[in-house]
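The values are calculated or read from the model by the stated rules, or taken from the named source; none is laboratory data. Here the structure is a predicted model, which means the values were calculated and not measured. Because the Cβ atoms are built from the backbone with ideal geometry, glycine has one as well, and the counts that use them run over all protein chains shown. Just so you know, the surface numbers come from the protein's heavy atoms only, side chains and all, with ligands and any DNA or RNA stripped out. Shrake-Rupley method; radii C 1.70, N 1.55, O 1.52, S 1.80 Å.
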Amino acid sequence: MLVGGIDEAGRGPVVGPMVIAGVVFSDSDIDQLINLGVRDSKKLSPKVRSKLLPEILSRAREVVVEYVPPSLIDKYVLNKIRGGLNQLEVEVIASIIVRLSAPKIIIDVPDVKPERFKKRLLERIEKRKLLLIVDHHADEKFPTVAAASIVAKVFRDEMIRRLHGFYGDFGSGYPSDNKTRAFIDYCIGKNYFPPIIRRSWATFKNIRSKSLQMTLNEFFKYSL
């Protein structure tokens, strides 16, 4: 029996894409994944994830990776499309599912209501015999989902590395990263908004608001 796993990396960053990966393994491969040390990517170092990636890809029967650009994320969040970012994930994951042949697919669900997420998925998938399991923290419970989380994370890290080569070192892209916040502050100061920034994120809005307030303070300081 073939079993699929789907997970994402980069849902929370203010800079860079979100990456969603789907992988399929046979039942006989799952024990091998466990023996290799495949588990939730967040619990592994970048070095270990990179080492595991070729092992995962060589054993996977199918691999699908989707990059979700900031512009599309902003479209769903800023325009308040029903369901927001969760709905966007529904649509991307559904597009991955239809390309996977596994009769059983397990998904690490972002929605607080897994059954709602599952219902929305099924509405977008052509009728076929499919056992769909959606669960919180599935990457901690199911090796196939853990493998998908590693693929998504390594692919995103590689994309971030390439973006550094073009935009300079803006850090990890996460709101808590001082390098990332400094990069956004610099861009706002230059009135330059590269497409890698998620302008719908509160981090961006807060830094822009702070920058505007500082500009106004400077204006009033020298105009009095």
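Rounded to the nearest 20 debye, what is the charge dipole size of the stretch 73-166 about its Cα centre when +1 sits on each Lys and Arg Cβ and -1 on each Asp and Glu Cβ?
On the way: 19 positive and 13 negative charges, 74 e Å.
Its charge dipole is roughly 360 debye.
Overall, the accessible surface of the chain at a probe of 1.4 angstrom is composed of carbon and sulfur to the extent of 54 percent. Report, in whole Å, the centroid distance computed from the Cα atoms of the stretch 1-55 and the stretch 85-120. If you average the Cα positions of each part, the centres end up 16 Å apart. Computed with a 1.4 Å probe over protein heavy atoms only, the accessible surface of the chain comes to 53 Å² per residue. Evaluated with a Cβ-only charge set (Lys, Arg +1; Asp, Glu -1), the stretch 1-148 carries a dipole of roughly 260 debye about its Cα centre, given to the nearest 20. Of the residues Leu33, Ile93, Gly12, the one whose Cα sits farthest toward the positive end of the charge dipole of the stretch 1-103, with +1 on the Cβ of Lys and Arg and -1 on the Cβ of Asp and Glu, is Gly12.
Counted over the chain, the DSSP beta bridges are approximately 65% antiparallel.
Two tests apply to each whole DSSP H helix in the chain, Cα reach of 18 Å or more along its axis and mean Kyte-Doolittle hydropathy of at least 0.0, and the ones passing both are 84-97, 143-167.
Taking a cut-off of 16 Å, what percent of all Cα-Cα pairs in the stretch 1-116 are separated by more than that? Intermediate results must be reported in sequence, preceding the final value.
Numbers: 4279 of 6670 pairs.
Summing the P(r) tail past 16 Å for the stretch 1-116 gives 64 percent.
When peptides 56-66, 166-176 are ranked by their average number of other Cβ atoms within 10 Å per residue, the highest-first order is 56-66, 166-176. Radius of gyration over Kirkwood radius for the stretch 94-179, both on Cα atoms: the Rg/Rh ratio is 1.08. Between Val98 and Leu131, the simple label model (points 7 Å from Cα in the Cβ direction) yields a spacing of 2.5 nm.
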